[in-house]
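Following: one structure in structure tokens, then a few remarks.
The values are calculated or read from the model by the stated rules, or taken from the named source; none is laboratory data. Quantities reported herein were computed from a predicted structural model and do not represent experimental measurements. FYI the Cβ positions are ideal-geometry reconstructions off the backbone, even for glycines, and counts take in every protein chain you see.
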Amino acid sequence: MLDVWRGRAKAPQRTLFWEWRAEGYHQLAAMRGDLKLVVTGDTPPELYDVVSDPAEMRSVRDEHPKLVDQLRTELKAWLATETEASRDRAEKAAAGSEARPRNPPRR
């Protein structure tokens, strides 16, 4: 890793996963390099090049079908690691039942 830090080598490629459950949405994403796979609800997945298309207006899914399949498979595997407790917390938070108590107004 020292060579990567010094700019002598490229960092190993990795995939970043995240999930967003809020305001009635359930969205999953997987990002590798400049490409981000987005799955919202039951809609077909979209793949965006976030460098050339930062507003995510044009899906490049049809140009990278193997990568879409690979990222979907990895995303499903990542979701399978979720524990029951974390799933329950996320669902309660999405429903608004775990809102943080607010501090009372100062007088």
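So if I check each of 55, 77, 90, which one is modelled with pLDDT of 95 or more and on the phi < 0 side of the Ramachandran plot? Spell out the reasoning first.
On the way: 77 fails: modelled with pLDDT of 95 or more; 90 fails: modelled with pLDDT of 95 or more.
So the residue among 55, 77, 90 that is modelled with pLDDT of 95 or more and on the phi < 0 side of the Ramachandran plot is 55.
Residue pairs whose Cβ atoms lie under 7 Å apart, separated by 6 or more positions or on different chains, with the first residue in the stretch 68-80 and more than 12 Å from residue 28 (Cα to Cα) and the second surrounded by 12 or more Cβ atoms within 10 Å (Cβ to Cβ), are 68/37; 68/45; 68/47; 68/61. Within the stretch 16-63, restricting attention to residues that are surrounded by fewer than 14 Cβ atoms within 10 Å (Cβ to Cβ) and of a type in the set (S, T, N, Q), the residue that is nearest to residue 80 (Cα to Cα) is 43. Just give me the residues in the stretch 2-15 being within 29 Å of residue 76 (Cβ to Cβ), surrounded by fewer than 10 Cβ atoms within 10 Å (Cβ to Cβ) and not small (Gly, Ala, Ser), in sequence order. Across the stretch 2-15, the qualifying residues are 10, 12, 13, 14. Evaluation of residue 97 against the conditions (1) of a type in the set (Ser, Thr, Tyr); (2) modelled with pLDDT of 90 or more; (3) part of a loop (DSSP other than H, G, I, E, B) shows that the sole unmet condition is (2). For the stretch 36-60, the set of residues classified as out of contact with any Leu (no Cβ under 6 Å at 6 or more places or on another chain), within 15 Å of residue 72 (Cβ to Cβ) and among the hydrophobic types (A, V, I, L, M, F, W, C) consists of 38 only.
The residue that is nearest to residue 1 (Cα to Cα), among those in the stretch 40-51 that are modelled with pLDDT of 95 or more and either among the small types (Gly, Ala, Ser) or assigned to a strand (DSSP E or B) (or both), is 49.
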